[in-house]
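**Student:** Structure provided below as structure tokens; questions to follow.
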Amino acid sequence: MSNWVNVTQDKSTGIELIHAHFKGFAYDPHLHSSYLIRVTELGHQQFNCRKKIIDSYQGQTFMLEPEEVHDGNAPDPLGFTYKMMHLDPAWLKK
């Protein structure tokens, strides 16, 4: 399985949904202005955030707050698949 990314956006809410798979290097350090809620569907993903290495395995869920710098990679040869929701902070004020 090669790398792939599917991005959709809910028309009524504007919430962005991502379904992706990566092998090896996934992405450079970056940040988002939204909350990220992510579930690892398959494999093992690893990333640097909050000055530590974080591992997420199949079935685990985690959240990143806005402006948290993070990167990503797949330490196992099969890679990892995840689903993620970008949630604008304004949604928490409603």
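**Student:** Report the accessible area of residue 16, computed with a 1.4 Å probe over the heavy atoms of all protein chains in place, in Å² rounded to the nearest 10.
**Tutor:** Taking all protein chains as shown, residue 16 has close to 60 Å².
**Student:** Now for a separate question. Quick one: compute a quarter of the convex hull surface over the Cα atoms of the chain and quote it in nm². All intermediate terms of the calculation are to be shown ahead of the outcome.
**Tutor:** Details: hull surface 24.6 nm².
So the mean shadow area of the Cα hull is 6.1 nm².
**Student:** Name the trypsin sites (Lys or Arg not before Pro) in segment 6-39 that are in a loop by DSSP and that have at most 12 other C-beta atoms within 10 Å, would you? Intermediate values should be presented prior to the final figure.
**Tutor:** Numbers: sites: 11, 23, 38; in loops: 11, 23.
Sparse-neighbourhood loop trypsin sites (Lys or Arg not before Pro): 11.
**Student:** Would you look at the GNM of the chain, springs on alpha carbons closer than 10 Å, and say which of 32, 21, 44 moves the most?
**Tutor:** Of 32, 21, 44, the most mobile in the Gaussian network model is 32.
**Student:** What lysines sit close enough to residue 83 to cross-link, taking a C-alpha to C-alpha distance under 23 Å and skipping anything fewer than 8 places away on the same chain?
**Tutor:** 11, 23, 52
**Student:** Please tell me the relative contact order of the chain in percent, rounded to the nearest whole number, where contacts are Cα pairs under 8 Å and at least six residues apart. It would help to have the intermediate numbers written out before the result.
**Tutor:** Working: 230 pairs, mean separation 35.0, N = 94.
37 percent.
The values are calculated or read from the model by the stated rules, or taken from the named source; none is laboratory data. Predicted, not measured: the structure shown is a model, and the values here were computed from it. Backbone-built Cβ (ideal geometry, glycine too); neighbour counts: all protein chains shown. These accessible areas exclude ligands, DNA and RNA; they are computed on the full protein's heavy atoms, side chains included. Shrake-Rupley method; radii C 1.70, N 1.55, O 1.52, S 1.80 Å.
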